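Please treat every number below as a calculation from the coordinates, not as lab data. Owing to the predicted nature of the structure, the values given are computational and were not obtained by experimental measurement. As a convention, Cβ positions derive from the backbone with ideal geometry for all residues, glycine included, and neighbour counts pool all protein chains shown.
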Amino acid sequence: MDCKALEEWYRMNKARNFTEFYQALSMTSIPMFNIMYADRYDTIFYISNGKIPRRNPNPAYHWNSTIPGDTSATLWTTFKAVTELPQYLNPPSGYLFNTNHSPFLATDPRYNLDPRKFDPRDGFEIYNNNRSLRVREILQKFDKIDYAGFKRLKFDRQLPARLAYPYGIDTMMQFNAGDYPQWKDIITRLQKWDHQGVANSQGGAVFLIIYNYVARKLGGTPSRQLTKAESLETLRYVYDYMMRYFGTTDLVLGDIQKLVRGDDIRPAAGLPDVLAAAYTEPYRKGLRKVTSGDAYICFVRYPKNGLPIIESVNTFGASSRPGSPHFKDQEDLFQRQQTKPMTLDKEKVLATAVTTYHPG
């Protein structure tokens, strides 16, 4: 860990323009993270940031696998400069985005970076995920997108037409439901599913159980389609799971997936890798609790003059203390995919503050 990482964060936050921001990035002390920048001067920037070592180019060493540790030939001691990392500054398309997918797929295809111009030993991803595919589906419908459209994009719970999970369920989607009377309803709901992660989706409930079972069973193995035998095994598991915990297969996503805050338990929308994502872990009695995905959400607009215009929402609230009035006071807003105004105006902050203090 580079001890100057905190200093780099500090300098990034204190930067008054892009030149100062890029100078901060040039420290290359932050070891990871996709970083995006925008300002009132219509400057937009994206970098696939990292503390990337200079590795031995000898083809005998496969840097995406196990490397021998008994030779100094595989020892690296220097790092690449910020200018050598994949990055975009003001592409002609007028937009940049990243959903933790490939840095070479960050804008309109005409202006994307060419991965062949970067060192393959650096290990940058070259593929889309479900969220990036969905962004492209949405953006290709627009010549321009307004602020309201941008907010709808962020809160989207639709998976792309072509799913991009590591393990494919194409075989399941081709079964004749009538051949499997016990699982007929499950198969039919999955095959009729519109790929939306909304709380009242029956297909979404089936898919959630499939996703978690397959991820647990095959996680870490190479990406591929499920075999017929694996698909049948998975459908059997879905049926048994629903009947064991709920006594019925007539379930929607929100019956199984919950947003939990203290003793407040409510149906939750979202699925892994939708834009408004939800990832879960077992909770109790067959229920799954949302543990990550959509969390703190912030929209920022830069007028030509004055302070930024900011809207935000947090999953639950600004406090983790159960007795605080802010423990879950944003939960309703979050579930309705609505935001509240924020301000950097010190006078307004002080005028509405409940308490103030000075450190030290």
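Counting neighbouring beta carbons within 10 Å and listing from fewest to most, the residues I30, I256 come out as I30, I256. Non-local lysine pairs in segment 115-198, meaning eight or more places apart or on different chains, with alpha-carbon distances under 22 Å, amount to 4.
Pairs of Cα atoms in the chain fall into 10 Å distance bins, from 0 up to the last occupied one, in shares of 4, 18, 26, 26, 18, 7, 1, 0 percent. When L259, L344 are arranged by Cβ crowding within 10 Å, least crowded first, meaning fewest neighbours, the order is L344, L259.
Think of each Lys and Arg Cβ as +1 and each Asp and Glu Cβ as -1; about the Cα centre, that makes the dipole of the chain roughly 140 debye.
The alpha carbons of segment 121-274 occupy a box of 49, 44, 32 Å along the principal axes, longest dimension given first.
log₁₀ I(q)/I(0) of segment 28-142 at q = 0.12, 0.14 Å⁻¹, via Debye over equal Cα point scatterers, no solvent, to two decimals? Values returned for q = 0.12, 0.14 Å⁻¹ are -0.51, -0.66. Taking G293, G254, G262 in turn, the Gaussian network model of the chain (Cα-Cα springs below 10 Å) assigns the largest fluctuation to G262. Among L85, L271, L350, the order by Cβ neighbours within 10 angstrom, fewest to most, reads L350, L85, L271.
What full-extension length gain, to one decimal in nm, is calculated for A318 and R301 as 0.36 nm per residue of separation minus the Cα-Cα distance? All intermediate terms of the calculation are to be shown ahead of the outcome.
Values: separation 17, 0.36 × 17 = 6.12 nm, distance 2.23 nm.
Extra length from A318 to R301 when fully extended: 3.9 nm.
Starting from 0.36 nm per residue, how many nanometres of slack lie between T291 and K4 once their C-alpha separation is accounted for?
Values: separation 287, 0.36 × 287 = 103.32 nm, distance 3.07 nm.
Roughly 100.3 nm would be gained on extension.
Residues whose amide H comes within less than 5 Å of that of F79, counting only those at least five positions distant or on another chain, are R54 (H built at 1.01 Å from N in the peptide plane). Springs between Cα atoms under 10 Å define the GNM used for the chain, and in it the highest mean-square fluctuation of L89, L275, L159 occurs at L89. Taking every alpha-carbon pair under 8 Å whose residues sit at least 6 apart, the chain reaches a relative contact order of 10 percent.
Can you tell me how much longer the chain between T355 and I67 gets when fully stretched, taken as 0.36 nm per residue apart minus their C-alpha distance, in nm with one decimal? Working shown, then result.
Numbers: separation 288, 0.36 × 288 = 103.68 nm, distance 5.61 nm.
Extra length from T355 to I67 when fully extended: 98.1 nm.
Highest mean first, the peptides 351-359, 19-27 sorted by other C-beta atoms within 10 Å per residue fall in the order 19-27, 351-359.
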